[in-house]
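Below is one structure, written out as structure tokens, with a few remarks after it.
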Amino acid sequence: MSEQPFTPNQIFNLSLNTIEQRMMDFYEETQDNATTIQLLLALRVRYQLGAEEFALVLKDLVKYLFTRTKVTKTMKKFIYFFQDYFETSEWKRINLRVFPVRNFIEKAKSLILSPLAKLLPIEAAAT
């Protein structure tokens, strides 16, 4: 992991324009997805603490990271914190991209259980 571009004090005190510029410079220089996502999550915390101007900070970068870069453990761990950055159709595609096996299993299970539900009584199908 590369060196952090911000101290905790900077994350919570720098202006929006300064943070956006430094984050973009950091990502362009390092291409470090994991650290960038963690920093974006810290900015989400700043927004939740009341900094309204950080609502959808670096939206284009977030969309780029989740749609065009390799899926990482960090991405899987923190994906749900960025759900409001995406519209419903985009979110479905990203969810399929990040969790392909989980989605395959859920779809296979529903395909198997749907014919069984027609044959079994409602009480038996629920158990």
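The values are calculated or read from the model by the stated rules, or taken from the named source; none is laboratory data. Treat the numbers as computed from the prediction; the structure is a model and nothing was measured. Backbone-built Cβ (ideal geometry, glycine too); neighbour counts: all protein chains shown. Protein only, heavy atoms only, side chains kept; ligands, DNA and RNA dropped before computing areas. Shrake-Rupley method; radii C 1.70, N 1.55, O 1.52, S 1.80 Å.
So here's what we get for this one:
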{"item": "Order of exposure, largest accessible area first, which applies to 29, 20 with probe 1.4 Å", "result": "29, 20"}
{"item": "Positive-pole candidate from 12, 54, 65, dipole of region 1-115, charges at beta carbon", "result": "65"}
